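Scroll down for the structure; my scribbles are underneath it.
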Amino acid sequence: MNPTTESLIDSLCHKPHISVLFVCLGNICRSPAAEGMMQSVTDECGDSARWTIDSAGTGNYHIGELPDARMRAHARRRGLELTHRCRQVTEDDFDRFDIIIAMDRSNEQNLRRLAPTVEAERKIVAMSEFFDGIASRYDYVPDPYYEGAEGFELVLDLLATATRNLHSALTR
Ligand code: 4NP
């Protein structure tokens, strides 16, 4: 974890309630899957009441849609039912959420452009900050949209690691 992320995590880990927003480009593949995985981690740990978990996209191509059918099918095989409706990230999200997690570098740059203040920008972190083990071979969550089944499985593997590590980092 870089020092900026470390200090954001330190400032949040003792809060009674934490709100997390996952962000990708389309909000139909990676970020709704991250939202579903994080929800499932908190359910398993029995502390879901402590969390507000949501996702959004920097783009506006799929607003109102369910997640991509391929992502829903792959997630379902892991016991996750993805029911999020696609929405675009807004400036207000920087007020509503404690931490805003970008799936890749382009999502992160778009979020930095949208951040209304320096304090708001400090809430942005890369999902890869929470990678370890085999996931550390990647420095972002790759866009599966134009990929085959392996692309979707890889995303879910990376998100499984990152959401577990995010949860434990914020539950110290
Ligand atoms: P996501 O994947 O950012 O993980 O939701 C994408 C979904 C749709 C598009 C691009 C990426 N698109 O160009 O429509």
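Assorted remarks:
- A Förster radius of 30 Å, combined with the Cβ-Cβ distance separating R50 from R137, puts the computed FRET efficiency at roughly 0.45.
- Here the extension length gained between T90 and Y145 equals 17.5 nm, from 0.36 nm per residue of separation less the Cα-Cα distance.
- Between R105, R137, R72, the GNM of the chain built on Cα springs shorter than 10 angstrom shows R137 fluctuating the most.
- Of the GluC sites (Glu not before Pro) found in segment 81-172, those that fall in a DSSP loop while having at most 15 other beta-carbon atoms within 10 Å are E81, E91, E147.
- Electrostatic tally near M37: other residues with Cβ closer than 11 Å to its Cβ, Lys and Arg +1, Asp and Glu -1, net -1.
- Using only side-chain charges placed at the Cβ, +1 for Lys and Arg and -1 for Asp and Glu, the dipole size of segment 114-172 relative to its Cα centre rounds to 360 debye.
- Stretch in the chain that is longest and holds no chymotrypsin sites (Phe, Trp or Tyr not before Pro) that DSSP places in a loop and that have at most 13 other beta carbons within 10 Å: 62-145
- Charge dipole of the chain about the Cα centre (unit charges at C-beta), most positive-ward option of Q109, L8, P67: P67
- Near A126, the amide H atoms lying under 5 Å from its own belong to A102; only residues 5 or more places off or on other chains count, and H is placed 1.01 Å from N.
- Around I100: net Lys/Arg minus Asp/Glu count, Cβ-Cβ under 15 Å: -4
- Heavy-atom accessible surface of the chain: percent carbon and sulfur, 1.4 Å: 48 percent
- Nearest-0.05 FRET efficiency for S11 and E65, computed from C-beta distance (R0 35 Å): 0.50
- Per residue, segment 5-99 exposes 45 Å² of accessible surface when a 1.4 Å probe is rolled over the protein heavy atoms with every protein chain present.
- Lys/Arg +1, Asp/Glu -1 at C-beta; the chain dipole; positive extreme among H17, M38, F130: M38
- Only DSSP H runs of four or more residues enter the estimate; each adds -39500 (n - 2.57), and after division by the residues of the chain the mean residue ellipticity at 222 nm equals -12500 deg cm²/dmol.
- Measuring r between the beta carbons of E121 and L154 and using R0 = 35 Å, the FRET efficiency lands at 0.75.
- Difference of contour (0.36 nm per residue) and Cα-Cα distance, D43 to T4: 11.2 nm
- Counting Lys and Arg as +1 and Asp and Glu as -1 over every other residue whose Cβ lies under 13 Å from the Cβ of S136, the net charge comes to -3.
- Applying 0.36 nm per residue to the separation of R105 and S168 and subtracting their alpha-carbon distance, the gain on full extension is 20.3 nm.
- Cα gyration tensor shape for segment 1-98, rounded if a/c is under 1.5, else prolate or oblate: oblate
The values are calculated or read from the model by the stated rules, or taken from the named source; none is laboratory data. These figures come from a predicted structure and were not determined experimentally. Positions of Cβ are generated from backbone atoms using ideal geometry, with glycine treated the same way; all protein chains shown enter the neighbour counts. Heads up: the accessible areas ignore ligands, DNA and RNA and are worked out on the full protein's heavy atoms, side chains in. Shrake-Rupley method; radii C 1.70, N 1.55, O 1.52, S 1.80 Å.
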